[in-house]
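The values are calculated or read from the model by the stated rules, or taken from the named source; none is laboratory data. All figures in this text were calculated on a predicted structure; none of them were measured in a lab. Cβ atoms come from the backbone with ideal geometry, glycine included; neighbour counts cover every protein chain shown. These accessible areas exclude ligands, DNA and RNA; they are computed on the full protein's heavy atoms, side chains included. Shrake-Rupley method; radii C 1.70, N 1.55, O 1.52, S 1.80 Å.
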Amino acid sequence: MSQALPVQPEPAPETRVDLKSLTREQLTAWVREVLGEPRFRGDQIFRWLHAKRARDLAGMTDLSKALRARLDGVARIGGLALEDVKVAQDGTQKLLFVTAAGDRLESVLIPMEDRVTQCVSSQIGCKIGCQFCLTARMPMRRNLSAAEIVDQVLWAQEVLGEERRVSNIVYMGMGEPLDNYDNVVASLRILMDELGAGFSSRRITVSTSGVVPKIARLGQDVQVNLAVSLNASYDAQRTSIIPINKAWDIGQLMAALRAFPLPPRRRITIEYVLLAGVNDTVDDARRLVRLLSGIYCKVNLIPFNPWPGAPYARPDNDTVEAFGAVLRDAEYTVTIRYSKGEDIGAACGQLDGVS
Ligand code: SAH
Ligand code: SF4
């Protein structure tokens, strides 16, 4: 007589609400509706999570034991585990994180004299598929939750210690932020909240490959700096390296930038990856000047950062400087982002969540 094998119970799906993914407004509403607690309890929990960086309920000592026990049944605290920190020769640090499900992602800390900039990831993988980007070569796993985005910054602050603070945040790590719109906007609201980490909107930049309809929405929903990866000077060239250009071409992208609501004295950042022999000529630079006319912007040139098997090369410095000179002659502010942290695979376009 055959005996049935015991059936392994499936792990129960996580139904508890993730407190760390909620904006303060959402958290106070949830506390009132689900727990029947007053508004200030929501503020208290928010402060524990985002200003004091509490990672469990047990540490929230000004909440009664009974309330903590109730919370434990219906809520959880999402986020990441920090697995490793690599330090490059130039001081750049790469933080390797693991999610609860065991997926890996990276964030980069770039200390400079007067500030520390952190580059955060918004997705594990990316489905945009830019030809020059290593993240595009890994399978698209999933969107990060707001807690997982915010936690990169909270962990970075732990790594830096009391002496230094993360001063600027750029959404330029793994993923296309505007393809994970709701969680990215929630993470921005959380990071800018005065009861949390309290970042000023001037110190946060969201970078997009050009998801045109979401650019307009972002401008309405939250005030942060916008960076756009233009990377080409005409449509056929852009389509060959950034497939999203088929959905929204350069003309549509430029129209979205012209319509973007910019606070006084702020400018859009135009990012332009320079690929040798592809988009790096003086003619390209001249076309770029014409494209940008009427857009209040500055230009960030990024000489290509190579990765094994990449189909592109970095142009030599003379080519980069000649390209920059055309833009400067046209009175644009140009910065050239010579790579940081290349020896540990932490430069732009070198993040793959593995090494
Ligand atoms: N998905 C968003 C943000 C992440 S990519 C975006 O594309 O804007 C951040 C920047 O790195 C983009 O400007 C992108 O064009 C650039 N980049 C990607 N791969 C690169 C590489 N190998 N070398 C240099 N820059 C790269
Ligand atoms: Fe995605 Fe940005 Fe890489 Fe393009 S450059 S594949 S949009 S992360």
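Filtered by the rule that a residue be within 16 Å of ligand 2 (Cβ to nearest atom) and open to solvent by less than 10 Å² (accessible area, probe 1.4 Å), the range 184-206 gives Val184, Val206. Among the residues of the range 173-182, at least one is outside any helix (DSSP H, G or I), open to solvent by less than 10 Å² (accessible area, probe 1.4 Å) and near ligand 1 (Cβ under 8 Å from one of its atoms). Screening Glu342 against (1) of a type in the set (Asp, Glu); (2) within 12 Å of ligand 1 (Cβ to nearest atom); (3) free of Cβ contacts under 8 Å to residues at least 12 places away in the same chain leaves a single unmet condition, (3).
Yes/no matrix, rows are residues, columns are (1) touching a strand residue (DSSP E or B) at 6+ places or on another chain (Cβ under 7 Å); (2) near ligand 2 (Cβ under 9 Å from one of its atoms); (3) farther than 29 Å from Ala255 by Cβ; (4) outside the structural domain of Ile244 (by TED's automatic domain parsing):
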| position | (1), (2), (3), (4) |
| --- | --- |
| Cys130 | no, yes, no, no |
| Met138 | no, no, yes, no |
| Glu158 | no, no, yes, no |
| Arg164 | yes, no, yes, no |
| Asp182 | no, no, no, no |
| Thr208 | yes, yes, no, no |
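Just one of Ala313, Ala276 is away from ligand 2 (no atom under 16 Å from the Cβ), in contact with a helix residue (DSSP H, G or I) (Cβ under 9 Å, 6 or more places away or on another chain) and within 22 Å of Ser240 (Cβ to Cβ); which is it?
Testing whether each residue is away from ligand 2 (no atom under 16 Å from the Cβ), in contact with a helix residue (DSSP H, G or I) (Cβ under 9 Å, 6 or more places away or on another chain) and within 22 Å of Ser240 (Cβ to Cβ) leaves just Ala276.
Note on the range 216-237: residues that are within 16 Å of ligand 2 (Cβ to nearest atom), surrounded by fewer than 22 Cβ atoms within 10 Å (Cβ to Cβ) and either in a helix (DSSP H, G or I) or not assigned by TED's automatic domain parsing to the domain that holds Arg202 (or both) total 1.
Can you name every residue in the range 18-65 that is at pLDDT 95 or above, assigned to a helix (DSSP H, G or I) and of a type in the set (Gly, Ala, Ser)? Hits for the range 18-65 are Ser21, Ala29, Gly42.
Filtering the range 86-107 to residues that are assigned to a strand (DSSP E or B) and in contact with a helix residue (DSSP H, G or I) (Cβ under 6 Å, 6 or more places away or on another chain) leaves Lys86, Lys94, Ser107. If the condition is being open to solvent by 20 Å² or more (accessible area, probe 1.4 Å) and part of a loop (DSSP other than H, G, I, E, B), then the range 292-306 contributes Ser293, Gly294, Tyr296, Pro306. Residues that are open to solvent by 20 Å² or more (accessible area, probe 1.4 Å), in a helix (DSSP H, G or I) and out of contact with any helix residue (DSSP H, G or I) (no Cβ under 6 Å at 6 or more places or on another chain) are absent from the range 110-131 altogether. For the range 140-163, a residue qualifies if it is surrounded by fewer than 22 Cβ atoms within 10 Å (Cβ to Cβ), within 16 Å of ligand 1 (Cβ to nearest atom) and part of a loop (DSSP other than H, G, I, E, B), and the qualifying residues are Met140, Arg141.
Applying the set (1) closer than 23 Å to Val320 by Cβ; (2) within 16 Å of ligand 2 (Cβ to nearest atom); (3) part of a helix (DSSP H, G or I); (4) not aliphatic (A, V, I, L, M) to Asp284 leaves exactly one unmet item: (2).
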